[in-house]
Structures are given as structure tokens and as C-alpha cells.
1. Among the residues of the stretch 321-338, is any free of Cβ contacts under 8 Å to residues at least 60 places away in the same chain and over 30 Å from residue 110 (Cβ atoms)?
2. Could you say whether any residue in the stretch 79-89 is among the acidic types (Asp, Glu), within 15 Å of the chain's Cα centre (by Cα) and surrounded by 17 or more Cβ atoms within 10 Å (Cβ to Cβ)?
3. Take the stretch 133-151 and flag every residue that is more than 10 Å from the ligand (Cβ to nearest atom) and either hydroxyl-bearing (Ser, Thr, Tyr) or assigned to a strand (DSSP E or B) (or both).
4. Taking the stretch 152-165 only, how many residues are within 11 Å of the ligand (Cβ to nearest atom) and touching a strand residue (DSSP E or B) at 6+ places or on another chain (Cβ under 7 Å)?
5. Does the stretch 319-335 contain at least one residue that is more than 22 Å from the chain's Cα centre (by Cα), at pLDDT 95 or above and not in a helix (DSSP H, G or I)?
6. So which residues in the stretch 174-217 are in contact (Cβ under 8 Å) with a residue 12 or more places away in the chain, among the small types (Gly, Ala, Ser) and surrounded by fewer than 15 Cβ atoms within 10 Å (Cβ to Cβ), if there are any at all?
7. From 45, 106, grab the single residue that is in contact (Cβ under 8 Å) with a residue 24 or more places away in the chain, assigned by TED's automatic domain parsing to the domain that holds residue 187 and either over 26 Å from residue 318 (Cα atoms) or not in a helix (DSSP H, G or I) (or both).
8. Report whether or not residue 75 is within 14 Å of the ligand (Cβ to nearest atom), part of a loop (DSSP other than H, G, I, E, B), surrounded by 14 or more Cβ atoms within 10 Å (Cβ to Cβ) and in contact (Cβ under 8 Å) with a residue 12 or more places away in the chain.
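The values are calculated or read from the model by the stated rules, or taken from the named source; none is laboratory data. The model shown is predicted, which means the values in this text are computed figures rather than measured ones. With ideal geometry, Cβ positions are generated from the backbone for all residues, glycine too; neighbour counts draw on all protein chains shown.
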Amino acid sequence: MVFFVPVRGRQSEEYVARQRILTGMRPTGPLHLGHYVGALENWLELQHEYDCYFLIADYQALGDHLDEIERIRRSVIDVAVDWLSVGLDPERSPFVVQGYVPEHAELTLYFSMLTPKSWLDRNPTLKSEMQQLEDSHETITMGFFNYPLSQAADILLPKANLVPVGEDQLPHIELTREIARRFNRQYGEIFPEPQAKVGRVPRLLGLDGQAKMSKSLDNAIYLSDDAKTVQKKVRRMVTDITGQNPRLSPTDPGIVENNPVFLYHDVFNPDVEEVKDLKERYERGKVSDGEVKDKLVAALNAFLDPIRERRAQILERPGYAAEVLEEGSRRERVIAQETIAEVREAMRLVYT
Ligand code: TRP
């Protein structure tokens, strides 16, 4: 499926066929380096080639954080500011708040009529998240159980063809394809079958060596951290995931493989020669952990500096992020209403 959109920055009214993207995040906290390399970096590239919609999924966050409305409210704005500060362009790619476009809820409802419960029961991401909720004695609400369906509705409402996401989201994209197929078979070809696209670093490990950088594990460097904070966090970083190979002095030969500090160097330090040299000296016991970490601090701060500058500019305009969200949601809603009209027609939910 293709859409014709005007290409900004051109003189004449030239129209170019573009494929569409919808992707998003839950507003549950500030974004960190894992979000950047797993998703945002991809989005930044793709916004030039695709007609993109970036969604802040507040309904989805309510599924397991209904008692933390204030945190969600703050996070909706924080996520928008994070997106702006990495350089996503809301004029090119609308930022959408799920709850501002109630058609997302309507399509979720129709999909929930169409989808066998067993499709959700076997979803591995949902399964492990429900297990975690159960382990911490939290209630599993119907809204939570149903969130993969709401995600399918998010994606199909603007008829997206591509969904750049983290690895853990792949089962949800597969579900979306199954729902699109089932709907199209029953009611006629309305929806595309979207593809997933995983980022350069599908999963960035945490500062403590745990498999994943995450706010809840308290092992993250945030896009909004200042230089001093980054330094403090990197100095405390583990150099050994197993905890069995303590390196007590700079003259001890060190292990580079699976060493979190070097894994970060590989991802964030563009100076390949420097990294190679550090690795060689590390293995020969010719460099201290401190030096390796200080070089990482420098690389991370060089990476974060332009993001910090943009953030400072954005924060000089109070209310700007909220405006961006209103305007983006208004723009997506136009398309959402068209799709919903088609769906109601196809399902014969029009009573004459
Ligand atoms: N589940 C995603 C996350 O936890 C957020 C999300 C909601 C999403 N709707 C989406 C991602 C649609 C991609 C497409 O980050």
C-alpha cells in the first residue's frame, strides 16, 4: 500500500509515493541509551524515507500503572522531549498520544472480537510480562492482557507497512500480521501486513551487566543525564558479568570478551583505533580499568552533548512539547477516522 505525501523542502507540489511507519513507546519513564541504539537511531534514519507516526502509548502504560497516573503524565511529556532532543522532527513525523485519538480504542475493540484468546495466551513477550506481574503479586488487568491487540490496532489504524521496534516486540508484530490477514480474509483487503525492523543493538546490556538496560533495574544511563552523572555511573560499571574474574591491578591481563565496558565502547565509541588499542593493552595488562572507563565517559559525553544542547533549547519553550503532541495527534486522527469508516463499512456496522 502506498500513500502520496508532499515532500517538504521542494519548490513545486511534487508528490512522492511513500511507505508508512507507525512505532511507539510506553510512557513509563525517561529514555535511556538502550532506547537510542535499539530504536531511536533507526527512527531517525527512517523518518527521511517513510511517512512516520511516532506514538506515545498511554493506554498501554495504564494497563499496569493505573495507580501511577502522575508518573505517566510526566512521562508522556518527558518522552516527547526526549524524542525532540534526539532530533526526531514532529513536522515531518507527527508525535501522537494514543489516548488523544480514541479511534485506537475503537479498533482495539473490533480486533478483540476477531482474535481468539489463544493467540494472546501463546505470545511469549506477554507471557513473561504476566509472569513478572504475578511474581510481584500485582493484578493482571484485562487491559494489560489485551495490550498486544491494542498495539496491533495502533499499527493498523494508519495502515503502517513497517514497524521499527526492539527485539522483545517481535511477537506483537507477528500478531498484528495475523490479525490483518484474518480481517482481510473476512471483510476484504483493508490492511497491509506490516514488517518489523529491529535496531542495530537489539538489546543493550545494563551498567551492572544484566541482560537489559532498564529503569526498573536501575542500571541505565539516560539521554537526559548530565556529564557528571555519566562519569559517576561509568565508574561504577562492572567489567565482568560472571563476577568470577576480578581484575585487581592494571598489570593483570583482563578479559575483553563480554566485558560490558568494552561492549559499550564498541557501540558508542566511534574511534575504532582507540578501542582496538585499549583492548590490546587490556589483554596484556597494560592499561587500567580507570583509563578504559574514562575513555568511555568521553565517548558517551561526546555522543550525548548534541542531545543535551537540543534538550536545553526545547526546555526554553514551556508548553512546546505538549503542543507538538496535540498537533501530531490531530494529524493522525484524520487518517484514523478514514480507516475506522472503512472498517465499519466492511464489517457492516452501519445500520440503515
Ligand atoms: N509496546 C511498545 C513498548 O513497550 C509500545 C507500543 C505501543 C508500540 N504501540 C506500539 C510499539 C505500536 C510499536 C508499534 O515500547
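1. yes
2. Scanning the stretch 79-89 turns up at least one residue that is among the acidic types (Asp, Glu), within 15 Å of the chain's Cα centre (by Cα) and surrounded by 17 or more Cβ atoms within 10 Å (Cβ to Cβ).
3. Selection gives 136, 139, 141.
4. The total comes to 8.
5. Yes, the stretch 319-335 contains a residue that is more than 22 Å from the chain's Cα centre (by Cα), at pLDDT 95 or above and not in a helix (DSSP H, G or I).
6. Within the stretch 174-217, 188 is the sole residue that qualifies.
7. Numbers: 45 fails: in contact (Cβ under 8 Å) with a residue 24 or more places away in the chain.
Step by step, each of 45, 106 is checked, and only 106 is in contact (Cβ under 8 Å) with a residue 24 or more places away in the chain, assigned by TED's automatic domain parsing to the domain that holds residue 187 and either over 26 Å from residue 318 (Cα atoms) or not in a helix (DSSP H, G or I) (or both).
8. For residue 75, the condition - within 14 Å of the ligand (Cβ to nearest atom), part of a loop (DSSP other than H, G, I, E, B), surrounded by 14 or more Cβ atoms within 10 Å (Cβ to Cβ) and in contact (Cβ under 8 Å) with a residue 12 or more places away in the chain - is not met.
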